[in-house]
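The values are calculated or read from the model by the stated rules, or taken from the named source; none is laboratory data. Small disclaimer: the values here were computed from a predicted structure and weren't measured. Cβ: placed from backbone, ideal geometry, glycine included. Neighbour counts: every protein chain shown.
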Amino acid sequence: MPTQSLKDSGWIEVICGSMFSGKTEELIRRLRRAKIAKQSVGIYKLKIDSRFSPHHIVSHSQLSMASEIVQSADEIIKKSQQKEVVGIDEAQFFEDPLVDICSELANKSKRVIVAGLDKDFRGKPFDPIPKLLAEAEYITKTLAICVLCGSPAGFSQRLSTDRTQILLGEKGNYEARCRKCFIPPQN
């Protein structure tokens, strides 16, 4: 992880991967360490993500951390003015302006840690994560375990026939799958 201090420069860290790969757990781990270091931390998630708790980011393994709800990425700029570290969960739910906002925050000497899906249920890049990867100084790709064969899994297999890109859900709607076991939806 970064060896420079926040007083020197800001940066962007992206944690990405499939569902059930531990992205939110890793985000929580990093944010907790920042709090232990007595850094001021702001944690944000989009209002659409109310699956586990309206006021916490929560991992599938039930780790949680208090967070603030935002209606759009623009609110993060206002809410994080006094923060040294900014955490953003489920970044795939945000629109593309999130990329510019993360860059602006990093340019203001903030450590920005973003977690989100890198591919959608079709196995295609899930914006804005690919654009954030291009801007990030540090990238962590997490892998789950394929529920069918036990191999490393980088795909989120949707179990329903719903074809909208964003379908909130967890174990009832999705499974982690490896490349071999992943079945892209038919058009």
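Is it the case that the stretch 131-141 has a residue that's closer than 17 Å to residue 19 by Cβ and modelled with pLDDT of 95 or more? Scanning the stretch 131-141 turns up at least one residue that is closer than 17 Å to residue 19 by Cβ and modelled with pLDDT of 95 or more.
Among residues of the stretch 135-151 being under 14 Å from residue 175 (Cβ atoms) and in a strand (DSSP E or B), the one that is nearest to the chain's Cα centre (by Cα) is 144.
For (1) closer than 30 Å to residue 11 by Cα; (2) modelled with pLDDT of 80 or more, each residue gets a yes or a no:
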residue: 148; (1), (2): no, yes
residue: 153; (1), (2): yes, yes
residue: 158; (1), (2): no, yes
residue: 168; (1), (2): yes, no
residue: 180; (1), (2): no, yes
residue: 183; (1), (2): no, yes
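If you filter the stretch 118-130 down to residues that are more than 23 Å from residue 78 (Cα to Cα) and in contact (Cβ under 8 Å) with a residue 40 or more places away in the chain, you find that the one that is surrounded by the fewest Cβ atoms within 10 Å (Cβ to Cβ) is 122.
Within the span defined as the stretch 99-117, one or more residues are more than 12 Å from the chain's Cα centre (by Cα), surrounded by 15 or more Cβ atoms within 10 Å (Cβ to Cβ), closer than 30 Å to residue 185 by Cα and modelled with pLDDT of 95 or more. Taking the residues in the stretch 23-62 that are among the β-branched types (Val, Ile, Thr) and assigned to a helix (DSSP H, G or I) as candidates, determine which candidate is modelled with the highest pLDDT. Of everything passing the filter in the stretch 23-62, 36 is modelled with the highest pLDDT. Residues in the stretch 78-111 that are assigned to a strand (DSSP E or B) and in contact with a Phe, Trp or Tyr (Cβ under 9 Å, 6 or more places away or on another chain): 86, 87, 88, 111.
Considering the conditions (1) of a type outside the set (Val, Ile, Thr); (2) modelled with pLDDT of 95 or more; (3) surrounded by 15 or more Cβ atoms within 10 Å (Cβ to Cβ), residue 94 is excluded by exactly one of them, (2).
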